[in-house]
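Down below is the structure, laid out as structure tokens.
The values are calculated or read from the model by the stated rules, or taken from the named source; none is laboratory data. Keep in mind the model is a prediction, meaning the values are calculated, not measured. Here the Cβ positions follow ideal geometry from the backbone for every residue, glycine too, while neighbour counts run over all protein chains shown. With ligands, DNA and RNA removed, areas are computed over all heavy atoms of the protein, side chains included. Shrake-Rupley method; radii C 1.70, N 1.55, O 1.52, S 1.80 Å.
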Amino acid sequence: MPRVTVDVPDLSTVRRIVGEWLQRREDDLDAQEYACKVLAIINGKGGVGKTSFAVSWAVNLAAQGKKVLYVELDPQGNACEDLGINKTPLDDGGQAQVDAVLNQKPFQPTGEARPNLFIVPGGQALSQLVTEMHFLRRISDAGNDLPWQYLYLCSLDQCEDDYDIIVFDVAPGDEALQKNALHAADGLIVPTRSDPSSRKGLRIVAQRYIEVKEHNETLELLGVVLFATNASATKVQENLRKDLARDLGSAKHKVVPHPIRYVESAAVEARRRGKTPTELVRERPEGVPLKSLEALSADYSTVNTWLLTEVTAVNRQLNSPED
């Protein structure tokens, strides 16, 4: 039987880059210059508004003048459709991302999806990357602190200083991609719905967050964003917040107190046109459900503001001198 050879990332390089990154993180904390800038948006179940939220978040930040890197760690590649750049040269199906991660090279955006918003698309090519990660997992040393969990950190480490904010839009359910994102991230945002299946997925994300935080001590849960929840169902929301907070082993205030309503006509129109609800409200094209879009845009705006406040609080806390 012929011998099969497999090209894999150089794990000694991975370990070296991770060691250097950890030392810089410690130096930043000592100098009170830490910045919560790498934000992972993760859920445990698809169809709960993750990519719609991630795109809205990134477009909003870019519109504020922030230089944003958007990395879609999802083989479905829906972000390009939401941004209106699918079937354009910017949509490479995830190949640039795969090339960077497997070769420990910096992320190379395919271009600007909006002014200041640089995109590294996902897509089917990521299936190859996930396969390689599972192979690395099998050949790595025993234990939790494994090199395969740091491949994205290696690519991000070499370009992080070029951006004000980095957004990781991570595939639901995939352990390899989620743990890679969490090891590289400063903050975690979890979009979810209130149904039992979504709650089960949330518990899985919570467990991975707890596991990774043992190694990435500065990783903070910024907020759990509720989707498709009746804004008038106050008691239902309050009970759900308590349950979600318990699932995450975190304080109740980590559940964002402003749900994002489900408006199907507005959501469908936004994706069809490749625009966020806020962009459509601003452009006011003919034939769109403007009233519904205005309501949805207001929800996103309120949640974005709340989360930015949390980012500021994390920075203040970690940069405060010890008592």
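Can you name the residue in region 141-162 that is open to solvent by 20 Å² or more (accessible area, probe 1.4 Å), part of a loop (DSSP other than H, G, I, E, B) and more than 20 Å from K213 (Cβ to Cβ) and, of all such residues, is modelled with the highest pLDDT?
In this case the residue turns out to be Q158.
Looking only at region 265-278, which residues are at pLDDT 90 or above, farther than 12 Å from E81 by Cα and open to solvent by less than 20 Å² (accessible area, probe 1.4 Å)?
Initially, region 265-278 is screened for residues at pLDDT 90 or above, giving 273-278.
With farther than 12 Å from E81 by Cα added as a condition, the list becomes 277-278.
Listed by number, the list holds a single entry, P277.
Any idea which of L29, L90, L69, L39 is open to solvent by 20 Å² or more (accessible area, probe 1.4 Å), among the aliphatic types (A, V, I, L, M) and not in a helix (DSSP H, G or I)?
Numbers: L29 fails: not in a helix (DSSP H, G or I); L69 fails: open to solvent by 20 Å² or more (accessible area, probe 1.4 Å); L39 fails: open to solvent by 20 Å² or more (accessible area, probe 1.4 Å).
The conditions single out L90.
So, G201, is that one open to solvent by less than 40 Å² (accessible area, probe 1.4 Å) and part of a helix (DSSP H, G or I) or not? Explain how you work it out, then say what you get.
Numbers: open to solvent by less than 40 Å² (accessible area, probe 1.4 Å): yes; part of a helix (DSSP H, G or I): yes.
In short, yes.
Take G223 and decide whether it is open to solvent by 20 Å² or more (accessible area, probe 1.4 Å), in contact (Cβ under 8 Å) with a residue 40 or more places away in the chain, closer than 24 Å to L307 by Cβ and not in a helix (DSSP H, G or I).
Working: open to solvent by 20 Å² or more (accessible area, probe 1.4 Å): no; in contact (Cβ under 8 Å) with a residue 40 or more places away in the chain: yes; closer than 24 Å to L307 by Cβ: yes; not in a helix (DSSP H, G or I): yes.
It is false that G223 is open to solvent by 20 Å² or more (accessible area, probe 1.4 Å), in contact (Cβ under 8 Å) with a residue 40 or more places away in the chain, closer than 24 Å to L307 by Cβ and not in a helix (DSSP H, G or I).
Among V281, V256, which is the only one that is over 24 Å from K87 (Cβ atoms), of a type in the set (A, V, I, L, M, F, W, C) and over 19 Å from the mean Cα position of the chain (by Cα)? Lay out the reasoning, then the answer.
Details: V256 fails: over 19 Å from the mean Cα position of the chain (by Cα).
The unique qualifying residue is V281.
For T51, which of the numbered conditions (1) in a loop (DSSP other than H, G, I, E, B); (2) over 28 Å from R25 (Cα atoms) fails to hold?
(1) is the only condition that T51 fails.
Pick from T229, T309, T302: which is in contact with a helix residue (DSSP H, G or I) (Cβ under 7 Å, 6 or more places away or on another chain), within 20 Å of P191 (Cα to Cα) and either at pLDDT below 85 or part of a helix (DSSP H, G or I) (or both)? Steps first, please.
On the way: T309 fails: in contact with a helix residue (DSSP H, G or I) (Cβ under 7 Å, 6 or more places away or on another chain); T302 fails: in contact with a helix residue (DSSP H, G or I) (Cβ under 7 Å, 6 or more places away or on another chain).
Among T229, T309, T302, only T229 is in contact with a helix residue (DSSP H, G or I) (Cβ under 7 Å, 6 or more places away or on another chain), within 20 Å of P191 (Cα to Cα) and either at pLDDT below 85 or part of a helix (DSSP H, G or I) (or both).
Every residue in region 281-298 that is open to solvent by 20 Å² or more (accessible area, probe 1.4 Å) and assigned to a helix (DSSP H, G or I), please.
Hits for region 281-298 are V281, R282, E283, L290, K291, S292, E294, A295, A298.
Under 9 Å by Cβ, and 6 or more places apart or on different chains, what pairs join a residue from region 291-311 that is under 12 Å from H258 (Cβ atoms) with one that is surrounded by fewer than 16 Cβ atoms within 10 Å (Cβ to Cβ) and among the small types (G, A, S)?
D299/A231
Quick one: L188 ticks every box in (1) open to solvent by 20 Å² or more (accessible area, probe 1.4 Å); (2) under 16 Å from the mean Cα position of the chain (by Cα); (3) of a type in the set (A, V, I, L, M, F, W, C) except a single one, so which number is it?
Just one mismatch for L188, condition (1).
Out of everything in region 101-124 that is open to solvent by less than 10 Å² (accessible area, probe 1.4 Å) and not in a strand (DSSP E or B), what residue ends up being farthest from D91 (Cα to Cα)? Quick ask: steps written out before the conclusion?
Step one: list which residues in region 101-124 are open to solvent by less than 10 Å² (accessible area, probe 1.4 Å), which gives 101, 107, 117, 119-123.
Restricting the remaining residues to those that are not in a strand (DSSP E or B) gives 101, 107, 121-123.
Values: V101: 17, F107: 15, P121: 6, G122: 8, G123: 8 Å.
The residue in question is V101.
Mind checking whether some residue in region 94-107 is out of contact with any Phe, Trp or Tyr (no Cβ under 8 Å at 6 or more places or on another chain), within 14 Å of V167 (Cα to Cα) and not charged (D, E, K, R)?
Restricting attention to region 94-107, the residues satisfying the condition of being out of contact with any Phe, Trp or Tyr (no Cβ under 8 Å at 6 or more places or on another chain) are 94-95, 98-99, 102-107.
Now restrict to residues that are within 14 Å of V167 (Cα to Cα): 107.
Narrowing further to those that are not charged (D, E, K, R): 107.
Looking for residues that are out of contact with any Phe, Trp or Tyr (no Cβ under 8 Å at 6 or more places or on another chain), within 14 Å of V167 (Cα to Cα) and not charged (D, E, K, R), one finds at least one in region 94-107, hence yes.
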